[in-house]
Structures are given as C-alpha cells and as structure tokens.
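What follows is a set of notes on a single structure, which appears directly below.
The values are calculated or read from the model by the stated rules, or taken from the named source; none is laboratory data. Computed from a predicted structure; not experimentally measured. All Cβ positions, even for glycine, are placed from backbone atoms using ideal geometry, and neighbour counts span all protein chains on display. Calculation scope for accessible area: heavy atoms of the full protein, side chains included, ligands and nucleic acids excluded. Shrake-Rupley method; radii C 1.70, N 1.55, O 1.52, S 1.80 Å.
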Amino acid sequence: MKKLLACIAIGFATATGYAETPLWMRDVQISPDGTEIAFCYKGDIYKVPANGGVATRLTTQASYECSPIWSPDGKQIAFASDRNGNFDLFVMSADGGAAQRLTTNSASEIPSTFTPDGKYILFSASIQDPAGSALFPTSAMTELYKVPTTGGRTEQVLGTPAEMVCFDKTGTTFLYQDRKGFEDEWRKHHTSSITRDVWLYNAQSGKHTNLTNHAGEDRNPVFASDGQTVYFLSERDGGTFNVYSFPLGTPQSLKAVTDFKTHPVRFLSMGSNSTLCYTYDGEIYTQHPGSSPQKVEIDITRDDRNQIADLNFSKGATSATVSPDGKQIAFIVRGEVFVTSADYNTTKQITHTPAREAGLTFSPDNRTLAYASERNGNWELYMAKIARKEELNFPNAILIEEEVILPSGTVERAEPQFSPDGKELAFIENRNRLMVLNLETKKVRQVTDGSTWYSTGGGFDYSWSPDGKWFTLEFTGNKHDPYSDIGLVSAQGGDIINLTNSGYTSGSPR
C-alpha cells in the first residue's frame with residue numbers, strides 16, 4: 001500500500017507541473033543593458049531578470065537548444081538547435097516566438113556573438129579549411145564564419161579556430177579564445193602546449209595578438225564597457241577557474257576579480273552597466289564593480305514527467321550475442337546491456353549503471369547472461385537471470401536477478417563464456433590468464449598461466465569446443481610479440497598446441 005500511494009503522489013505532482021530551483025544552468029549570457037540573463041537549462045532557452053525571479057521559457061521544442069546570445073539592442077536572441085539533426089543557427093525575438101533558421105550546413109554551428117551593428121552573427125563550425133591552411137584538417141578544429149541576421153549567404157571570417165568572440169564597440173577588433181588541439185574543454189587543471197589563450201584580432205590589419213600566452217587555460221574573454229579592460233576566465237595560481245582582468249594596453253598587469261574555491265567559474269559575460277555574469281557550481285551569479293558576487297535566485301516551473309524511454313541507435317552496438325535457441329539477441333550500447341527479441345520489436349534494458357559493461361555470453365538455458373562490469377573501479381563478472389519460471393525470455397521478463405561472481409577489488413576478471421553444457425564459466429583474469437569457474441562447486445582452475453600473452457589491452461580471443469573439452473585461443477607463439485598464433489589447449493589446462501605458426505597475426509578462433 002505504501003508503494004502504491006507513493007506512485008500516485010509522484011504521478012499527481014508530475015502531471016500538474018512543479019516549481020524548482022534549477023541547477024547546472026549553462027551557456028549563460030547577460031543582456032547588453034544588464035537587466036536580463038539568457039541561459040540553457042535541460043535543452044531549452046530561458047531568460048530571467050538579472051536580479052532573480054521566475055524564469056521565462058523561450059523554446060519548447062523536443063530538440064536541444066543551447067548557446068543563446070543577445071543582439072546589441074537586446075531585442076533578439078540567437079541560439080543553436082539540433083531540431084533538424086545537427087546544430088544550426090536560429091534567431092528569435094527576445095520575448096520568444098517563432099525562430100528563423102539561418103544556417104543549413106551539415107556541420108554543427110555554434111553562435112559566438114552579433115556584430116556591433118547587429119547585421120551579422122559570428123559562429124564557429126568545421127565546414128571548410130582554407131586551401132592554404134597549415135592546420136591538419138579535422139572537425140575538432142573549427143573555422144569562424146558570419147551569416148546575416150536576416151538570413152543569407154555564410155562567409156568565412158577566419159580559417160583558424162576563434163571561439164567565444166567579443167567585439168569592441170567599433171567592430172574593428174575582437175577578442176577570442178583559440179583552440180590548438182583535441183583536449184576536452186571541460187578538463188580542469190590542464191597544463192600543456194595546447195591550452196587555450198586569449199587573443200586580440202584586428203580586422204583591418206589582419207593581425208592576431210596573444211594577450212595571455214600562459215601555459216594553463218585562459219578563455220572566454222569579454223570587453224569592459226570602456227573597451228580598454230579585458231575580463232576572462234583562468235586557472236592561474238594553481239587554483240580553479242576564476243575571473244581575472246587586465247588593461248588592454250598592459251596584459252601582464254593581471255588582477256583577480258573572484259576567488260572561488262573547489263569548483264570552476266564558467267560562462268562569463270558582461271553588460272554595458274559593467275555587471276559581470278557567470279556560473280559557479282551550477283548556479284548563476286552576478287557581480288557589480290567593487291562588489292561581492294551575488295547568487296541569482298531563479299524559479300523554474302516545468303511539466304516534466306517520467307516517460308518510457310525511446311532510445312534510437314544506428315551505430316555503436318558491441319558484443320552482439322544470439323541466444324542458443326536463436327530467439328534473443330543480447331548486445332551492449334553505451335555501456336549498458338540490452339536484450340531484444342529476434343522476432344518482435346520488444347527490447348529490455350538489463351543494466352542501468354554509470355559503469356561500463358562488456359563481454360556478453362548466453363547460457364545454454366537461454367535464461368542467463370554473464371558479462372563483465374567496471375562498477376567498483378575494477379572489472380568483475382556479473383550474472384543476470386530471469387527470476388520467474390513462467391517468463392521465457394529477457395525482453396518480456398518482469399523480474400531479472402543479478403549477482404556478482406567472484407567479487408574482488410584487486411583481481412580483474414572479464415570476457416566470460418559459458419561452457420556448452422552451461423555448467424562452467426570461462427573468463428580472462430588480469431588480462432592474460434584463461435581461467436574456468438565451476439558454477440556448482442565454485443572452484444576455479446587455471447587453463448593458461450599468462451606467459452603466452454603480453455598485451456595489457458584487455459584480453460584475447462578464445463572459444464570453447466562443442467564438447468567442452470578444449471579451448472582454441474589467440475596466443476603469442478614463440479615469444480613473437482606482437483604477432484599472434486592460434487592455439488589449442490585442454491579445458492583442464494596444459495601445454496598449448498600451436499595450430500598456425502605463421503609469423504603473422506591470427507585471431508578470432510572458433
């Protein structure tokens with residue numbers, strides 16, 4: 001009865017909508033006059049008064065919208081949306097309403113800023129490197145483009161990456177952060193040759209000037225209203241991301257503006273009234289000149305409700321394994337185990353963990369699955385069984401029981417395979433030894449001692465013989481690493497018979 005009442009209460013609250021204090025708002029941008037803040041939350045664009053209050057939801061599409069930017073007069077907001085497949089640029093009234101699509105390229109376009117005259121929007125995308133570019137062509141290294149705010153032809157501004165652009169009032173120069181390599185932009189405390197720097201670009205002379213030239217991360221630059229002071233985010237002094245400033249004429253004269261600890265400051269912007277806006281630990285803050293940061297209290301009312309997940313994948317599945325009776329197919333997508341019916345569209349998700357699962361095998365009874373999981377920081381073996389006798393397959397099973405086999409925090413076990421009679425389970429221990437577990441007695445025996453496999457990449461191919469008396473396996477014959485041979489070994493252990501002796505690479509024995 002308690003469970004039933006709880007479900008009804010949750011359903012009622014969900015159906016009628018709810019107000020919440022949001023966390024992890026992203027892509028925060030204060031309006032040019034400093035009175036409103038636009039942000040992304042759960043894939044939609046919102047705006048809220050800069051002094052806090054009830055947020056207004058501006059987009060309601062099922063797609064993901066992000067990266068809102070304000071027009072100079074504050075009357076329009078441009079943003080990225082994947083409603084047509086990939087991220088395209090859209091622009092709409094700052095009060096919401098229908099949005100106009102501005103780009104149609106198959107690349108992902110992320111808006112950066114309006115030009116000061118409001119006629120163009122600058123955005124980053126990997127569309128076409130210039131013919132004379134010295135950069136290695138890759139989608140990770142974008143170019144800078146512009147498109148008219150009323151729609152029209154896209155033009156390339158720079159052939160090198162220039163992100164988070166901020167113009168001065170004249171429109172002749174702008175600040176930007178560069179990108180030199182593939183490093184994850186969310187990585188913290190990163191120090192290397194490819195960390196971002198803040199640059200100044202003069203459109204008239206074509207000159208780029210590195211203003212920071214610092215081994216750590218410097219990013220997200222904005223001009224102060226006087227055009228002579230630059231604010232930006234940096235991980236200087238061994239700390240987390242904070243706001244710093246310097247005079248444009250003397251970039252080496254740094255000044256710390258915030259001193260947050262532990263978590264990084266993200267998404268910096270500034271209004272014409274000199275109000276700074278940024279996020280810290282998932283919440284939005286504003287800061288007036290000479291004052292302390294102030295958290296913006298925000299209320300959001302949404303009608304979110306729990307729905308049956310509708311997952312669509314066209315690639316990325318691994319470990320596809322057909323059940324012995326041919327009626328079920330188990331596979332792994334994004335680290336989770338699924339089983340689908342071979343005859344119908346019914347699919348069951350077996351695992352729901354933040355860890356990765358790998359290496360599926362069906363028991364001959366068609367009712368048991370074994371796999372490895374890295375849930376506790378170490379690869380361990382797990383077994384999932386259909387609990388109720390009247391349920392004949394995984395896709396339609398209501399109750400599925402899971403247990404860990406041979407739990408250990410130090411010994412790594414992966415790549416399980418049931419024996420043909422289902423009484424034993426083979427696996428690879430510590431990435432180089434073939435072992436067998438007797439499921440009835442729980443005794444483990446060693447088949448190979450690990451001396452015939454040198455790679456630590458995660459194991460080797462092996463397979464039971466139909467009578468369960470032998471294994472065929474991939475091994476390094478004659479110490480000829482990294483070339484592998486195919487061998488035959490007794491399921492009870494012993495010497496490996498080299499079947500190929502080829503001197504080349506052989507694998508996937510069956």
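Here the stretch 229-366 is treated as a sphere whose radius is the Kirkwood value from Cα pairs; by Stokes-Einstein at 10 °C and 1.306 mPa s it diffuses with a coefficient of 79 µm²/s. Among Tyr382, Tyr344, the order of accessible area from largest down is Tyr344, Tyr382, computed with a 1.4 Å probe on protein heavy atoms. Excluding ligands, DNA and RNA, the accessible surface per residue across the stretch 260-375 is 53 Å² with a 1.4 Å probe. Listed by chain and number, the lysines placed with their C-alpha closer than 21 angstrom to that of Lys119 are Lys75, Lys146, Lys169; residues fewer than eight positions away on the same chain are left out. Only alpha carbons enter this Debye calculation for the stretch 14-88, each as an equal point scatterer, and the log10 of I(q)/I(0) it gives at q = 0.13, 0.22 Å⁻¹ is -0.39, -1.01. How large is Rg/Rh for the chain, to two decimals, with Cα atoms and a Kirkwood Rh? My calculation puts Rg/Rh at 1.07. Of the GluC sites (Glu not before Pro) found in the stretch 418-510, those that fall in a DSSP loop while having at most 10 other beta-carbon atoms within 10 Å are Glu440.
Near the amide H of Asp44, within less than 5 Å, lie the amide hydrogens of Glu65, all on another chain or at least 5 residues away, with H placed in the peptide plane. Label zone of Thr346 (point 7 Å out along Cα→Cβ, amide N under 18 Å): in the stretch 362-388 this covers 366-369, 385-388. On full extension, the segment bounded by Arg302 and Asp33 gains 94.1 nm, given 0.36 nm per residue less the C-alpha separation.
The amide H of Ile405, built 1.01 Å from its N in the peptide plane, has Leu381, Tyr382, Met383 as neighbours under 5 Å, considering only residues 5 or more places off or on other chains. The simple Förster model, with R0 at 56 Å and r as the Cβ-Cβ distance, assigns Leu488 and Arg236 a FRET efficiency of 0.35. Residues whose amide H comes within less than 5 Å of that of Gln328, counting only those at least five positions distant or on another chain, are Ser323, Ala342 (H built at 1.01 Å from N in the peptide plane). A simple rule links phi to the HN-Hα coupling: the Karplus curve 6.51 cos²θ - 1.76 cosθ + 1.60 with θ = phi - 60°, which for the stretch 93-110 gives 5, 5, 9, x, x, 5, 10, 9, 7, 10, 10, 9, 6, 6, 7, 8, 9, 10 Hz, with x for Gly and Pro. Extension gain, Ser274 to Ala355, is 24.7 nm, computed as 0.36 nm per intervening residue step minus the present C-alpha separation.
A 1.4 Å probe run over the stretch 53-103, with the rest of the protein chains in place, finds 42 Å² accessible per residue. In this rough spin-label picture, where each label sits 7 Å from Cα along the Cβ direction, the Arg101-Lys42 distance is 2.6 nm.
Of the accessible area of the chain, computed with a 1.4 Å probe over protein heavy atoms only, carbon and sulfur atoms account for 49 percent. Ordered by solvent-accessible area of protein heavy atoms (1.4 Å probe), largest first, the residues Lys389, Lys75, Lys47, Lys180 come out as Lys389, Lys75, Lys180, Lys47. Restricting to Cα pairs below 8 Å that are 6+ residues apart, what does the relative contact order work out to for the chain? Please round to a whole percent. Computed over the chain, the figure is 8 percent. Its relative contact order, with pairs defined as Cα atoms under 8 Å and 6+ residues apart, puts the stretch 354-431 at 30 percent. When the charge dipole of the chain is built from unit charges on Cβ atoms (+1 for Lys and Arg, -1 for Asp and Glu) and taken about the Cα centre, the candidate among Pro289, Val165, Pro407 whose Cα reaches farthest toward its positive end is Pro407.
For Lys442, a cut-off of 18 angstrom between C-alpha atoms picks up these lysines, skipping any fewer than 8 places away in its own chain: Lys385, Lys423. In a DSSP loop and with at most 11 other Cβ atoms within 10 Å, the trypsin sites (Lys or Arg not before Pro) in the stretch 421-483 are Lys442, Lys443. If the chain linking Ser319 and Thr410 were pulled fully straight, counting 0.36 nm for each residue of separation and taking away their Cα-Cα distance, it would gain 30.3 nm.
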